[in-house]
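The values are calculated or read from the model by the stated rules, or taken from the named source; none is laboratory data. The model shown is predicted, which means the values in this text are computed figures rather than measured ones. Counting neighbours? That spans all protein chains shown, and the Cβs are built from the backbone with ideal geometry, glycine included. Just the protein is used for accessible areas: all its heavy atoms, side chains included, with ligands, DNA and RNA removed. Shrake-Rupley method; radii C 1.70, N 1.55, O 1.52, S 1.80 Å.
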Amino acid sequence: MKQRKDEYHNSKILLYLLNNNIVTVNELSECVGLSDKTIRNRLNALSVILDENEMGQIVKKPRVGIWLDSTDIQKQKIMAMISDNGLVSISDT
């Protein structure tokens with residue numbers, strides 16, 4: 001059950017990044033319903049997943065925000081990863 005909930009939150013984070021240009025940790029925290037610290041930890045893990053699968057990267061710039069740096073093709077791969085099972089698991093790495 002916990003793993004499914006984690007996967008749901010990971011997918012929600014990625015979808016929010018896909019649909020917005022630059023966001024803050026606080027925005028993600030409010031959208032997903034997790035603490036700022038948890039969001040930061042998940043962003044680090046998701047960044048590794050994206051990098052390993054050549055789907056772009058999550059860029060973090062202090063006092064500016066966070067954004068997804070990826071091409072349209074990479075964004076389609078991310079959407080496909082989410083759509084395949086609707087969830088993204090960090091533990092799959």
#### Entry: the stretch 63-93, residues that are at pLDDT 85 or above, open to solvent by 80 Å² or more (accessible area, probe 1.4 Å) and in a loop (DSSP other than H, G, I, E, B)
Arg63
### Task
Within the stretch 34-57, count every residue that is more than 11 Å from the chain's Cα centre (by Cα) and over 18 Å from Gln76 (Cα atoms).
5
### Query
Identify, please: which residue in the stretch 14-28 is more than 11 Å from the chain's Cα centre (by Cα) and among the aliphatic types (A, V, I, L, M) and is, among those, least open to solvent (accessible area, probe 1.4 Å)?
Val23
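Yes or no, residue by residue, for (1) surrounded by fewer than 17 Cβ atoms within 10 Å (Cβ to Cβ); (2) assigned to a strand (DSSP E or B); (3) modelled with pLDDT of 95 or more:
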residue	(1), (2), (3)
Gln3	yes, no, no
Glu7	no, no, no
Lys12	no, no, no
Glu30	yes, no, yes
Lys37	yes, no, yes
Arg40	yes, no, yes
Leu43	no, no, yes
Ile49	no, no, no
Val59	yes, yes, yes
